[in-house]
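*Asks:* Could you have a look at this structure, given as structure tokens, before my questions?
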Amino acid sequence: MSATPAPSRPLPITDDVDTGGFFEAAARGELALRMCNDCNAVLHVPLAYCHRCGSWSTRWQAVAGTGRLYSWTVVAHQVHPAFPAPYTVVLVELDDHPEARLVGELPGRPELVAGQAMEVWFDQVSDDVVLPQWRPARAWLEAKE
Ligand SMILES: [Zn+2]
């Protein structure tokens, strides 16, 4: 008799025409946002056209993988077998593009402070999917001690 296999994690569609560039960049170890080629607006969530100037000319651009903790919530009740509770969902505002906020996940119930420095890391969640994730920035943790 074999052990019950580990539950598989739901994975994002990584070759979508609007969002695929995000995952392609992550696979290279880069955090990228979609931006307008004509007015440089950040298009987040990613869109094929610019909501500011109406242009259909866009690009994926690497951005700094640093930000500030904007908000978080602890998930105490398990909603999927691949995500054992408790875990903490964080919302991070990017340092160089504060109009963009990205979601990440921390294990357990870490002590967090609104506005604390966060840094991106890249989680290889399957053979061909890499997800940008967030953790408290090392410099912030060292300064706290
Ligand atoms: Zn534009």
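*Asks:* Leaving out ligands and nucleic acids, and using a 1.4 Å probe, what accessible area per residue does the chain come to in Å²?
*Replies:* Details: 8680 Å² over 145 residues.
Here the residues of the chain average 60 Å² of exposed surface.
*Asks:* Something else now. What distance in nm separates the simple spin-label points at Asp16 and His51, each placed 7 Å from Cα in the Cβ direction?
*Replies:* Here the answer is 1.5 nm between the modelled labels.
*Asks:* Work out how much length Cys39 to Arg59 would gain on full extension: take 0.36 nm times their residue separation and subtract the Cα-Cα distance, in nm to one decimal.
*Replies:* Working: separation 20, 0.36 × 20 = 7.20 nm, distance 1.16 nm.
Gain on stretching Cys39 to Arg59: 6.0 nm.
*Asks:* Which whole-number percent of Cα pairs in the chain have a distance greater than 18 Å?
*Replies:* Everything past 18 Å amounts to 62 percent.
*Asks:* Separation of the range 103-120 and the range 32-84 by C-alpha centroid, Å?
*Replies:* Cα centres, the range 103-120 to the range 32-84: 17 Å.
*Asks:* Starting from 0.36 nm per residue, how many nanometres of slack lie between Glu142 and Trp121 once their C-alpha separation is accounted for? Don't skip to the answer; put the middle values down first.
*Replies:* Values: separation 21, 0.36 × 21 = 7.56 nm, distance 1.78 nm.
Here the answer is 5.8 nm.
*Asks:* Dipole size in debye (nearest 20) for the range 1-120 around its Cα centre, Lys and Arg Cβ +1, Asp and Glu Cβ -1?
*Replies:* Values: 8 positive and 13 negative charges, 40 e Å.
Using Cβ point charges on Lys, Arg, Asp and Glu, the range 1-120 gives about 200 debye.
*Asks:* How do the peptides 82-91, 129-138 rank, highest first, by the average count of neighbouring beta carbon atoms within 10 Å per residue? Can you show the working numbers first?
*Replies:* Numbers: 82-91: 15.3, 129-138: 18.3.
Sorting 82-91, 129-138 by mean packing, highest first, produces 129-138, 82-91.
*Asks:* Roughly how many percent of the accessible protein surface of the chain is carbon and sulfur, given a 1.4 Å probe and a whole-percent answer?
*Replies:* Numbers: 4610 of 8680 Å².
The C+S portion of the solvent-accessible surface of the chain is 53 percent.
*Asks:* Describe numerically, in nm with one decimal, the distance between label points set 7 Å from Cα along Cα→Cβ at Ala85 and at Val129.
*Replies:* About 2.2 nm separates the two model spin labels.
*Asks:* Let me ask another. Arranged from highest to lowest average of other beta-carbon atoms within 10 Å per residue, in what order do the peptides 21-33, 46-58 appear? Could you put the intermediate results ahead of the total?
*Replies:* Working: 21-33: 18.3, 46-58: 14.2.
By packing density, highest mean first, the sequence is 21-33, 46-58.
The values are calculated or read from the model by the stated rules, or taken from the named source; none is laboratory data. For clarity, every value in this text was computed on a predicted model and none was experimentally measured. Every residue, glycine among them, receives a Cβ derived from its backbone with ideal geometry; neighbour counts consider all protein chains shown. Protein only, heavy atoms only, side chains kept; ligands, DNA and RNA dropped before computing areas. Shrake-Rupley method; radii C 1.70, N 1.55, O 1.52, S 1.80 Å.
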